[in-house]
Amino acid sequence: MDRLNRLLSTPRKTATLWAICAGAVAFAACAAPQQHHQSAPPSYRMLVRGEPGFNAPAVHAPHAERNLGAARVVPPYSLERVISTFGDCRGRRQHNGIDLAGVGDDAGLGTPIFSMTDAVVTLIGRPEDDPDAFGTYDKRPGHTERAGRLLPRSAEIPGYGKVYFFTRKPGRWRSGVVIATRALSGPLEGHQIRYMHMAAIHPSLAVGDLVLAGQEIGLMGGTAIATSSPHVHIDIEDPQGRRVDVAPFLGLEPDTKVCRPKR
Ligand SMILES: [Zn+2]
């Protein structure tokens, strides 16, 4: 993880609040895009305790806290195909997240995923940063099969360049391409939110950057997913380090069942 830590601890001269009003999500902040500059954003060092992104040190962003007042949680993706919920079993463990499957042509591969909240980016993990942790891309040409469908392994995506959707090795964290953020306002203020299995993180983003609710943060993919449909896995940790069901924040029924694995 040394390489990753070095990468994440590189101080940036400015932090820009990007207002990319992409996709179908309408949000008030896009009506009057603003840029907020910080003279010296804090350097960031990832502390690996358990899982990537969780229990990461808070990045103090006073400008953001002052200017991002909206109490908004926006859907990160279409809620049309929820394929796994909070209480589902994953082997002997509870899922503790929600899986939103890609929709559209090619199972939604390459379609945008949005930040749920105004937030600061606390972690970006990609195979190119640390293949041991985050896997290795499947760069073979052609198609692969997932959930009975033949899907392209890569595509050119405007703004991103060539994007690989899948991995050949899942990596230690089994997250694939992952971004974690800490919400700055609204009902999830102070919570860490992780988005996993993505194809790519938006090239403009780095650790310490601020994102708006509804801002595009990356693309739907199937990294570190073995057989199931491409999906984004989202999970939330509250400031006390407890996992929280995402569903009610998205207007969905909470999943109250508890995984009791058979012995
Ligand atoms: Zn999941």
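The values are calculated or read from the model by the stated rules, or taken from the named source; none is laboratory data. From a predicted model like this one, the values you see are computed outputs, not experimental measurements. Heads up, the Cβs are rebuilt from the backbone with ideal geometry, glycines too, and the neighbour counts pull from every protein chain shown.
Points to keep in mind about this one:
- A count restricted to the stretch 79-119 and to residues that are away from the ligand (no atom under 16 Å from the Cβ) and either free of Cβ contacts under 8 Å to residues at least 60 places away in the same chain or touching an Asp or Glu at 6+ places or on another chain (Cβ under 7 Å) (or both) stands at 7.
- Where residue 249 falls short, out of the listed (1) in contact with an Asp or Glu (Cβ under 9 Å, 6 or more places away or on another chain); (2) farther than 16 Å from residue 110 by Cα; (3) surrounded by fewer than 24 Cβ atoms within 10 Å (Cβ to Cβ); (4) not aliphatic (A, V, I, L, M): (1)
- Filtered residues of the stretch 212-263 (kept if out of contact with any strand residue (DSSP E or B) (no Cβ under 9 Å at 6 or more places or on another chain) and among the acidic types (Asp, Glu)): 253
- Single residue of 147, 224 found to be on the phi > 0 side of the Ramachandran plot, among the hydrophobic types (A, V, I, L, M, F, W, C), within 16 Å of the ligand (Cβ to nearest atom) and crowded, with 23+ Cβ neighbours inside 10 Å: 224
- Residues in the stretch 115-156 that are in a strand (DSSP E or B) and acidic (Asp, Glu): 145, 156.
- When the stretch 108-138 is limited to residues that are farther than 16 Å from residue 178 by Cα and touching a strand residue (DSSP E or B) at 6+ places or on another chain (Cβ under 6 Å), the one that is surrounded by the most Cβ atoms within 10 Å (Cβ to Cβ) turns out to be 117.
- Residues in the stretch 157-183 that are hydrophobic (A, V, I, L, M, F, W, C), in a loop (DSSP other than H, G, I, E, B) and surrounded by fewer than 24 Cβ atoms within 10 Å (Cβ to Cβ): 173 only.
- Across the stretch 227-243, the qualifying residues are those that are outside any loop (DSSP other than H, G, I, E, B) and under 16 Å from residue 84 (Cβ atoms), and the one among them that is nearest to the ligand (Cβ to nearest atom) is 233.
- The conditions of being modelled with pLDDT of 90 or more, away from the ligand (no atom under 13 Å from the Cβ) and within 24 Å of residue 137 (Cβ to Cβ) are met by residue 218.
- Some residue of the stretch 162-181 being away from the ligand (no atom under 16 Å from the Cβ), within 17 Å of residue 139 (Cβ to Cβ), free of Cβ contacts under 8 Å to residues at least 24 places away in the same chain and in contact with a strand residue (DSSP E or B) (Cβ under 9 Å, 6 or more places away or on another chain): yes
For every residue, the table says whether it meets (1) at pLDDT 95 or above; (2) over 30 Å from residue 73 (Cα atoms).
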site: 89; (1), (2): no, no
site: 92; (1), (2): no, yes
site: 98; (1), (2): yes, no
site: 103; (1), (2): yes, no
site: 118; (1), (2): no, no
site: 127; (1), (2): yes, no
site: 130; (1), (2): no, yes
site: 137; (1), (2): yes, yes
site: 144; (1), (2): yes, yes
